[in-house]
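Okay, so here's the structure we're looking at.
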Amino acid sequence: MLQNPSDHRTESGHLKNRLPPTSQLPVIGAGGPQGDYDFLVVSNRLPLDREIQDDGDDGWRRSPGGLVTALAPLMSRADGAWVGWHGAPDEKVDPFDHDNMHLVPVSLSSSEVEDYYEGFANATLWPLYHDVIAPPEFHRTWWDAYRTINHRFADAAARTAARGATVWVQDYQLQLVPRYLRISRPDLRIGFFNHIPFPPPEIFAQLPWRRAIIDGLLGADLIGFQRPNDAANFLRSSRRFLGANVKAKQVHVSGPDGTISHIARAEAFPISIDVDQIQQLAQREDVIERSRQIRHDLGNPKTILLGVDRLDYTKGITHRLKAYGELLTDGHVQVTDATLIQVASPSRERVESYRLLREDVEGSVGRINGTFDTIQNTAVRYLHHSYPVEEMVALYLAADVMLVTALRDGMNLVAKEYVASRVNNTGALVLSEFTGAADQLRQALLVNPHDIDGLKSTIMTAINLSPLEAGRRMRAMRRQVLDHDVERWSQDFLRALDEKAVRDDR
Ligand code: G6P
């Protein structure tokens, strides 16, 4: 049994390998196509990511991204299994237990990682679903790999799930899994949640395999999206590209013989964070002390601004840097008064558009710092790392202004984490209107990040926000986040899935 990862965390947030030798691990579903688990999550990534560390040791660290942030707390409380990739190519790892979760690793070869993960998932679907900010690429070999790997995940889930189990499939990498599962295991209750936006039919139309994707998703009983708009886009595409019979939020799905096989429902369930965890950390003395230290190490500037993102072109980091650089050039912000901390955690580094973005971002940071830094002061403190949650909360506490300037984002959990950590009702949140979070955090300083002048003036408003006004806004946002934590999100989804099954059985 793996021990609690926090016991083994190295400085950079890595986990030392405590896996038992693979030969001692139980094999799931060895006797047949069915397993023992009544509840399963299936996602491309497991919550742990295999990696080779600097000292050559192989180890584990927490996986990046909002999906794992949201699901890990739920899964460590639920008695279920999690099926997913462990992040390393060409390596077979047997199922194991960790932090009260049963993890079932799915293996991918190097060429499958290239074609399915870097290719179809992250160079076709990701840009297509995010307003084609980068041009999506369409390759038939990538699509073939996507189908093969979706089959593999569905098989692993089928072998792990008990009769009548609930299987909750996650995100754009696995959109065919609901259909494959329904074919192999019609006894299962199948949910799907899409963590990223679902594009309007006018954009989705570009995908050569649009019918198969819609059909794949319609294998689920309940299909969850971040925003009502995403659900509406999906329903419009179902009607337009499959000629589906859509009534209200429901699609009547036909089986191979033309009769109705089941009714799929599409609805919004905005995701959230583990509010208790963030609030507890925000009140822990060592975390508060660390936030003071961060301010001190930066020379105690009047204002600290903060951006925290995966290094992804959807996050609007270059727009943010452009606006901030111009504020320095115009003299509205002085390097002696303010510092922008930009945490950019490494992401999808072998995908071309991510490589180009990194060059762009690092070029901008270099130019800004080269122009405005003094020996004592830095304009932008750029950190190309990922950090454990304790350090993130210390950063949130140190930051007077949080900048979330995504060009398109399914939700953006960083915005919610910032709000949850501001237990004193201080601080200002600049939030892109193109995030799912903007639907809920209406009292943020909302901004269109494409409008650089608008972004500049909103950043200035945030820097100069009176404590009274900041408190009024933060209190309202905190009420929203505190009332809608990730526990409630999962309960709402799973209850809707249960209730639907009961209705359908009648
Ligand atoms: C987003 C996606 C997740 C993904 C995460 C990290 O949050 O919705 O599905 O896991 O980014 O990206 P990666 O490609 O490293 O898994």
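The values are calculated or read from the model by the stated rules, or taken from the named source; none is laboratory data. For clarity, every value in this text was computed on a predicted model and none was experimentally measured. Every residue, glycine as well, gets a Cβ built from its backbone with ideal geometry; the counts of neighbours run over all protein chains shown. SASA here: full protein model, heavy atoms, side chains in, ligands and nucleic acids out. Shrake-Rupley method; radii C 1.70, N 1.55, O 1.52, S 1.80 Å.
Out of curiosity, is Ser345 farther than 13 Å from Arg381 by Cα, within 28 Å of the chain's Cα centre (by Cα) and buried (at least 16 other Cβ atoms within 10 Å of the Cβ)? Talk me through it step by step, then tell me what you get.
On the way: farther than 13 Å from Arg381 by Cα: yes; within 28 Å of the chain's Cα centre (by Cα): yes; buried (at least 16 other Cβ atoms within 10 Å of the Cβ): yes.
The answer is yes for Ser345.
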Exercise. For Val113, are the conditions met, namely being within 21 Å of the chain's Cα centre (by Cα), outside the structural domain of Thr318 (by TED's automatic domain parsing) and more than 15 Å from the ligand (Cβ to nearest atom)?
Worked result: no
Exercise. What are the pairs, 6+ residues apart or on separate chains, where a residue within segment 495-506 that is closer than 15 Å to Ala268 by Cβ has its Cβ under 7 Å from a residue that is of a type in the set (S, T, N, Q)?
Worked result: Leu497/Thr166
Seminar exercise, completed: Those residues of segment 110-122 which are open to solvent by less than 20 Å² (accessible area, probe 1.4 Å) and touching a helix residue (DSSP H, G or I) at 6+ places or on another chain (Cβ under 7 Å) amount to Tyr116, Gly119, Phe120, Ala121
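With respect to Gly66, determine if the residue is within 14 Å of the ligand (Cβ to nearest atom) and open to solvent by 10 Å² or more (accessible area, probe 1.4 Å).
Numbers: within 14 Å of the ligand (Cβ to nearest atom): yes; open to solvent by 10 Å² or more (accessible area, probe 1.4 Å): yes.
Criteria met by Gly66.
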Problem set entry | Only listed residue being of a type outside the set (A, V, I, L, M), in contact (Cβ under 8 Å) with a residue 24 or more places away in the chain and open to solvent by 20 Å² or more (accessible area, probe 1.4 Å), chosen from Pro467, Pro449 | Pro467
Problem set entry | Sole exception among (1) open to solvent by less than 10 Å² (accessible area, probe 1.4 Å); (2) away from the ligand (no atom under 15 Å from the Cβ); (3) without any contact (Cβ under 8 Å) to a residue 60 or more places away in the chain for Phe204, by number | (3)
Exercise. If you go through segment 159-167 one residue at a time, do you hit one that is buried (at least 24 other Cβ atoms within 10 Å of the Cβ), over 23 Å from the mean Cα position of the chain (by Cα) and in a helix (DSSP H, G or I)?
Worked result: yes
For this session: Note down all Cβ pairs under 7 Å where the first residue falls in segment 163-176 and is farther than 17 Å from Val104 by Cβ, the second is open to solvent by less than 10 Å² (accessible area, probe 1.4 Å) and more than 9 Å from the ligand (Cβ to nearest atom), and they're at least six residues apart or on different chains.
Result: Tyr172/Leu125; Tyr172/Tyr129; Gln175/Ile213; Gln175/Gly216; Gln175/Leu217; Leu176/Asn150; Leu176/Gly216
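Only one residue in Glu91, Glu137 is part of a loop (DSSP other than H, G, I, E, B) and at pLDDT below 95, so which one is that?
Values: Glu137 fails: at pLDDT below 95.
None of the others qualify; the one that does is Glu91.
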Exercise. Can you tell me which residues in segment 86-109 are within 19 Å of Ser347 (Cβ to Cβ) and open to solvent by less than 10 Å² (accessible area, probe 1.4 Å)?
Worked result: His86, Leu108
For this session: Would you mind finding the one in Asp337, Asp312 that is surrounded by 21 or more Cβ atoms within 10 Å (Cβ to Cβ) and of a type outside the set (Val, Ile, Thr)?
Result: Asp312
Seminar exercise, completed: Leu235 passes all but one of the listed conditions (1) surrounded by fewer than 18 Cβ atoms within 10 Å (Cβ to Cβ); (2) closer than 22 Å to Glu267 by Cβ; the exception is number (1)
For this session: Please tell me if Val287 is out of contact with any strand residue (DSSP E or B) (no Cβ under 8 Å at 6 or more places or on another chain) and closer than 27 Å to Phe493 by Cα.
Result: no
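Let me confirm something: among Ala244, Ala220, which residue is in contact with a strand residue (DSSP E or B) (Cβ under 6 Å, 6 or more places away or on another chain), open to solvent by less than 10 Å² (accessible area, probe 1.4 Å) and in the same structural domain as Ala501 (by TED's automatic domain parsing)? Outline the logic, then answer.
Working: Ala244 fails: open to solvent by less than 10 Å² (accessible area, probe 1.4 Å).
After applying the criteria, what remains is Ala220.
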Exercise. Taking the stated definitions as given, is Ile278 in contact with an Asp or Glu (Cβ under 7 Å, 6 or more places away or on another chain) and open to solvent by 20 Å² or more (accessible area, probe 1.4 Å)?
Worked result: no
Seminar exercise, completed: Within segment 162-177, the residues that are within 16 Å of the ligand (Cβ to nearest atom) and at negative phi are Trp168, Val169, Gln170, Tyr172, Gln173, Leu174, Gln175, Leu176, Val177
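Which count do you get for residues in segment 408-424 that are more than 15 Å from the chain's Cα centre (by Cα) and within 26 Å of Gly454 (Cα to Cα)?
Taking segment 408-424 and keeping what is more than 15 Å from the chain's Cα centre (by Cα), we get 418-424.
Of the ones still in play, those that are also within 26 Å of Gly454 (Cα to Cα) are 418-419, 422.
The total comes to 3.
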